[in-house]
Amino acid sequence: MEEVKRCGLMRRERYNATDEVRLKTRLDPLLSRRMFCGRMCRATREGLGCLKMHSWIAVLLAGYLAWGQAPAAGPPRRIILDTDPGIDDAMAVLLALRSRELKVEAITTVAGNVPVELGTENARKLADLAGRSDVIIAKGASRPLQRMLSTAEAIHGENGLGGVALPPPRIGLDKRHAVEVIHDLVEAHPGQITLVPVGPLTNIAMALLQYPELAGKVREIILMGGSVGAGNATPAAEANIYHDAEAARVVFESGIPILMVDLTACAQARLTRADAARLRESADPVAQFVAAIAEPYLKFAERFGPGGAAIHDALAVGIAIDPLIAKTVKRVHVDIETRGEFTYGATVTNQGLTTERTERRGDRYTIVDFPKVPANAGYPSVVDGERFVRLFLGRMQGN
Ligand SMILES: [Ca+2]
């Protein structure tokens, strides 16, 4: 912890792209030594010994019990949407900005589907399209913590929006780095901010590394990423986690309650061609735009079979709006693989929340116990896809 503080920038220091590189240079040795936050690492590595982890479990339980109930008609949920637009990101942004259940405190951008400059421009254009000039938009990390950036224009188009053009952005860009915006908002509203990251987890990890105290002040994370089944970037890894597994590891070891809206959840909530046709017939410009960007996205998805396209990022936002979309949330322990030759970026999921403990007996080890493993996340094992698509189509049509 002390090392992080020594190596970190001053809290109020604003940093630019050069500083981001400098920050990463400082953090890289810490990452490689796995010393960036003793509490995070020990909580996972040593299992049951961390008191903070236990209090965290109480929060997780309370949160997930609440997930099984009807959405309360209380104040809107404060969220920061961290995104790399991206076609399904664009759908997620528009869904968030059109939903009164959410107070979008900021949209922060990260390199992922496209370079961060382009993604930021897209986020600004989307806010304009939604008529939301009030929202803070801040540019974040331009590359993963340790690896080279890998982008996905083959899926999202050269402009990130399936080749569909929007007018040049009018809304301004916040002068702060996304990490500073995340910090400032969480500090301003401790215990109230839900982070909704739908891209690589670089910004969130940087915020937690730079300001370790934030972990105790974030209400929860509802992220799109990971898979309890097969991957999509590789057979083992889902793309958001794969593209910055070191960052994902920081986040999953942070102690913040996490809902991992994974690929198996997303596969249960698909947008079909019939849905896109409904949007196309709408007079609402947002609906027409979404129908247009859905076209190349559906075409890509149909390479892998019929039945429409999972609009991954929008589902994470949908669950933030209406928790009943996640019909069943299963509590699990997720470790992020960062070294495997074939499994880099895998979300290694302990479903049973137990492990084997062995002891040396002469020339061998033998199992002596099956200790419990604390949950550090949940995932929606059963999703009400119809409920989500109904919500999504309604909001895109201005209902
Ligand atoms: Ca995304």
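The values are calculated or read from the model by the stated rules, or taken from the named source; none is laboratory data. This one's a predicted model, so the numbers in the text were calculated from it and none came from an experiment. Reconstructed Cβ throughout: ideal geometry from the backbone, glycine too, with neighbour counts over all protein chains shown.
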Condition check for GLU281: within 16 Å of the ligand (Cβ to nearest atom), among the acidic types (Asp, Glu) and at pLDDT 95 or above: no
Are any of the residues in the range 175-189 surrounded by fewer than 18 Cβ atoms within 10 Å (Cβ to Cβ) and in contact with a Leu (Cβ under 7 Å, 6 or more places away or on another chain)? no
Any chance you could count how many residues in the range 137-152 are touching a residue at least 40 places away in the same chain (Cβ under 8 Å) and more than 18 Å from the chain's Cα centre (by Cα)? 2
Could we say that GLY352 is more than 21 Å from MET91 (Cβ to Cβ), of a type in the set (Gly, Ala, Ser) and in a strand (DSSP E or B) here? no
Count, please, the residues in the range 241-259 that happen to be within 13 Å of the ligand (Cβ to nearest atom) and either touching a Leu at 6+ places or on another chain (Cβ under 7 Å) or among the basic types (Lys, Arg) (or both). 1
If the requirement is being among the charged types (D, E, K, R), closer than 20 Å to ALA310 by Cα and at pLDDT 95 or above, which of these qualifies: GLU180, GLU187, GLU220, GLU238? GLU238
Quick test of your reading of the structure: VAL317 fulfils all but one of (1) among the hydrophobic types (A, V, I, L, M, F, W, C); (2) under 24 Å from VAL382 (Cα atoms); (3) over 24 Å from the mean Cα position of the chain (by Cα). Name the failing condition by number. (3)
Reported set for the range 341-399 where residues are touching a residue at least 24 places away in the same chain (Cβ under 8 Å), basic (Lys, Arg) and over 30 Å from GLU281 (Cβ atoms) is LYS372
Scanning the range 220-233 for residues that are away from the ligand (no atom under 16 Å from the Cβ) and free of Cβ contacts under 8 Å to residues at least 60 places away in the same chain, which turns out surrounded by the most Cβ atoms within 10 Å (Cβ to Cβ)? ALA230
Looking at the range 72-100, which of its residues are surrounded by 24 or more Cβ atoms within 10 Å (Cβ to Cβ) and away from the ligand (no atom under 12 Å from the Cβ)? ILE79, ILE80, LEU94, LEU95, ALA96
All but one of (1) in a helix (DSSP H, G or I); (2) in contact with a helix residue (DSSP H, G or I) (Cβ under 9 Å, 6 or more places away or on another chain); (3) among the acidic types (Asp, Glu) hold for ASP184; state the number of the condition that does not hold. (2)
Of all residues in the range 101-117 being over 14 Å from the mean Cα position of the chain (by Cα) and within 13 Å of the ligand (Cβ to nearest atom), the one that is nearest to ARG143 (Cα to Cα): VAL116
Is there a residue being crowded, with 21+ Cβ neighbours inside 10 Å and among the charged types (D, E, K, R) anywhere in the range 196-215? no
